[in-house]
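Q: What follows is a single structure, and I will ask about it in a moment.
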Amino acid sequence: MSLFGRKGKAEAFEELAALHERAVYLLCLRMMGNREDALDCAQEAMLNAYRAFDRFQGDNQGKSWFLCIAHHVCIDSL
């Protein structure tokens, strides 16, 4: 059985992303220094995570995976 089980990619991603979206935003806010840029970077990070979700290993490192993507988005933006 795949990582997604009976759920589709979008539904599985949505459940995982909901657990970590606040942490992603707060990381972006600390790195970017203002709300508008943080929101843009957090949105871009979630989009990038969705695009890469097929490669997500499904282990207990979900938060680290999201934060790593957000960190790279912020670095690229800066």
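The values are calculated or read from the model by the stated rules, or taken from the named source; none is laboratory data. These numbers were taken from a predicted model, which means no experiment stands behind them. Areas reflect the complete protein model, heavy atoms only, side chains present, ligands, DNA and RNA absent. Shrake-Rupley method; radii C 1.70, N 1.55, O 1.52, S 1.80 Å.
Q: In the stretch 57-78, what residues are at positive phi and part of a helix (DSSP H, G or I)? Explain how you work it out, then say what you get.
A: So the first thing to find is which residues in the stretch 57-78 are at positive phi, and the list is 58.
Matches in the stretch 57-78: none.
Q: Filter the stretch 40-69 down to residues that are over 12 Å from Leu16 (Cα atoms) and of a type in the set (Asp, Glu) and give me whichever is least open to solvent (accessible area, probe 1.4 Å).
A: Here the residue is Glu44.
Q: Same structure, new question: Hey, His20 hits all of (1) more than 9 Å from the chain's Cα centre (by Cα); (2) modelled with pLDDT of 90 or more but one; which does it fall short on?
A: Single failed check for His20: (1).
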